[in-house]
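A.B. asks: Here it is: the structure, laid out below.
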């Protein structure tokens, strides 16, 4: 098993004085390539802070984070941005699709950020949308899609540029149970590959069965990590 | 990514139209008022501009601008002619005169008396008739707009009669003389006849018009005239600016127009700034998502600037088009705004102001985008 994400003694605090909040208290954590890892825990336990740091959007106060061997501490702001563009795919809780763009155009954004032409980006996005069962909805705008369909577009957007790391923030929180299960099944089917790690932050215990590994967080620390046989997609 | 930026902009139609309206409104206000101001200032010196043959104006030493006429002595004409470097010099008369048509319509005219022999100073833009016919008895030339004020709705026709200060006058030519600041009707007639129309005291010579001899500059010859005669002599260009400067410095016109222009800029910045700020605020999560997905600050600023540029160009185009239409339709003779126009450099200046409005309006919004934490998308 290759280590994809390696966090060592990561700390992060916000605010000063009485308002200071210690979000991460020496987190040591690893996620393997070819696996889906769930970060679970109560609200405020530091899941979002940790996933933000792993995705290169937040600089820890101390400790180190390496993603596929790249030490994020050593990357400049510009290189971190380039790292996110090339190596990270995002699935957000509220989807964050651009309302003025069609499903295909939304899914093609990471490729456009990387400099692909609109035609090439749309073509590759369309192929992925077809695999996600959205062939008939490619030209629809987000407000013409159901929540489940929007989440599938978001999954396509996270995978279209074939990143090494996919981070998902509460991907089922805005979906009903059935749509949530379907979205996770698709995510597991398409995202989990031998050369890629998938980290999912969630409260939703109904999707725990999709994980290869579950890291339980509390009060800014990883309390324990459980390994399980993931549900077949 | 430019297409994405434009789709974001056009997708929020209400705000897009609000932004374009803000820029268009400011452009219209600034361009229209700027053009009016320039037109008004140009009109103060239109008599000087219309006299194309002469390049030197000689006048009383105390004269402040063209409308402060204090007559020179008749002998001053000969003195000017005697100054080395003067190719020729002719008398020029300028006064205000009441006019009355035979059917009783009255108005006030600017009466310009031209050298009897040469008719130097007459408008070169002749719409109907011949200026040479001014040598006929009681003959005058009237400008087209003045004609239409006295005989509204009637076709231009020669031979019409009117009373000029209770003296008979007959129209033998209709000109396109530039509109003057102080009168709506411009009448040209030979110098001696002008004196007959408006008999005055001992001294009657308003100005001496002169031309510098070949190889001499008007400014140098004007200095020589002033030195030799003690009169005030200025090149046409200097006299034009002296007149304009007088109105700029001694009247409330610049303040009035300036306030409206400043108001246009402020209102433009306010409308565009607030609307753009709302646009950015409502799209902040989208910008954050793009930032999280690896769009650099530089490219994000580029997207916002592109959106602002499109809004600026659209608004400026509409505002400029409306202002140009105003000048096209509102300045036809005999309208009070005849002769007003929109100089290219006013439009160019307004383009710069519009860019400033858009940039200032976008400044606060750009800052919000730049300091935006991409992790906002996880909250």
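A.B. asks: State the volume of the convex hull built on the alpha-carbon positions of the protein assembly as shown, expressed per residue in Å³ and rounded to an integer.
C.D. replies: Taking only Cα atoms, the protein assembly as shown has a hull volume of 232 Å³ per residue.
A.B. asks: Same structure, new question: Using only Cα atoms, locate the centre of region A:174-218 and the centre of region B:142-210, then give the distance between them in Å, rounded to an integer.
C.D. replies: Cα centroid of region A:174-218 versus Cα centroid of region B:142-210: 93 Å apart.
A.B. asks: Right, something else. Calculate the mean, over all residues of peptide A:56-63, of how many other protein chain Cβ atoms lie within 10 angstrom of the residue's Cβ.
C.D. replies: Working: counts 3, 9, 4, 0, 0, 0, 0, 0.
The per-residue average across the peptide is 2.
A.B. asks: Between rounded, prolate and oblate, where does region B:6-93 land on the alpha carbon gyration tensor, with a ≥ b ≥ c its root eigenvalues, rounded for a/c under 1.5, else prolate if a/b exceeds b/c?
C.D. replies: Since a/c reaches 1.5 and a/b is larger than b/c, the shape of region B:6-93 is classed as prolate.
A.B. asks: Please state the relative contact order of chain B as a whole percent: Cα pairs under 8 Å, 6+ residues apart?
C.D. replies: 30
A.B. asks: Next question, about the same structure. Let me check I have the definition right: for region B:332-375, take the eigenvalues of the Cα gyration tensor, multiply each by 5, take square roots. What are those semi-axes in whole Å, largest first?
C.D. replies: Over the Cα atoms of region B:332-375, the semi-axes work out to 43, 9, 5 Å.
A.B. asks: Ranked by Cβ crowding within 10 angstrom, fewest neighbours first, how are B:338, B:13 ordered?
C.D. replies: Ascending number of Cβ neighbours within 10 Å: B:13, B:338.
A.B. asks: Any idea what % of Cα-Cα pairs in chain A are farther than 22 Å? The partial results should precede the final answer.
C.D. replies: Working: 13769 of 27028 pairs.
So the portion of pairs separated by more than 22 Å is 51 percent.
A.B. asks: If you don't mind, another one. Any chance you could give the angle, 0 to 90 degrees and rounded to 10, that helix A:77-87 forms with the longest Cα principal axis of chain A?
C.D. replies: Rounded to the nearest ten degrees, it is 50.
A.B. asks: Which percent of Cα pairs goes in each bin when the distances of chain B are cut into 20 angstrom slices starting at zero?
C.D. replies: Computed distribution, short to long bins: 25, 38, 23, 13, 1.
A.B. asks: Ok, one more. What angle, in degrees between 0 and 90 and rounded to the nearest 10, separates the Cα long axis of helix B:297-330 from the longest principal axis of the Cα atoms of chain B?
C.D. replies: 30
A.B. asks: Take the eigenvalues of the Cα gyration tensor for region B:235-379, scale each by 5, and report the square roots as semi-axes in whole Å, largest first.
C.D. replies: Semi-axes, largest first: 43, 16, 13 Å.
A.B. asks: Report the equivalent ellipsoid semi-axes for region A:172-233 in whole Å, largest first, defined as the square roots of five times the eigenvalues of the gyration tensor built from alpha carbon atoms.
C.D. replies: Semi-axes from the Cα gyration tensor: 20, 16, 10 Å.
A.B. asks: Calculate the translational D of region A:35-173 in whole µm² s⁻¹ from Stokes-Einstein, where the hydrodynamic radius comes from the Kirkwood formula applied to all Cα pairs, the temperature is 4 °C and the viscosity 1.567 mPa s.
C.D. replies: For these conditions, the coefficient is 82 µm²/s.
A.B. asks: With a ≥ b ≥ c the root eigenvalues of the C-alpha gyration tensor of region B:73-230, is it rounded (a/c under 1.5), prolate (a/b larger than b/c) or oblate?
C.D. replies: Taking the square roots of the gyration eigenvalues as a ≥ b ≥ c, region B:73-230 is prolate.
A.B. asks: Another question about this same structure. What whole-number volume per residue, in cubic angstrom, does the convex hull of the C-alpha atoms of region A:140-181 give? Intermediate results must be reported in sequence, preceding the final value.
C.D. replies: On the way: hull volume 3.1 nm³, N = 42.
Once divided by residue count, the hull of region A:140-181 is 73 Å³.
A.B. asks: Suppose a student asked you for the relative contact order of region B:73-230, using Cα pairs under 8 Å spaced at least 6 residues apart; what percent would you report?
C.D. replies: Across region B:73-230, relative contact order equals 35 percent.
A.B. asks: Arrange the following residues from fewest to most other Cβ atoms within 10 Å of their Cβ: B:92, B:207, B:21.
C.D. replies: B:21, B:92, B:207
A.B. asks: Now for a different question. What number does region A:140-211 give for Rg over Rh if you use C-alpha atoms and the Kirkwood radius? The partial results should precede the final answer.
C.D. replies: Working: Rg = 11.9 Å, Rh = 12.5 Å.
Dividing the radius of gyration by the Kirkwood radius yields 0.95.
A.B. asks: Also: For helix A:177-191, what angle does its Cα long axis make with the longest principal axis of chain A, in degrees from 0 to 90 and rounded to 10?
C.D. replies: 90
Values in this text are rule-based calculations from the coordinates and carry no lab data. A quick note: this is a predicted structure, and the numbers were derived from the prediction, not measured. Note: ideal-geometry Cβ built from the backbone for every residue, glycine included; neighbour counts use all protein chains shown.
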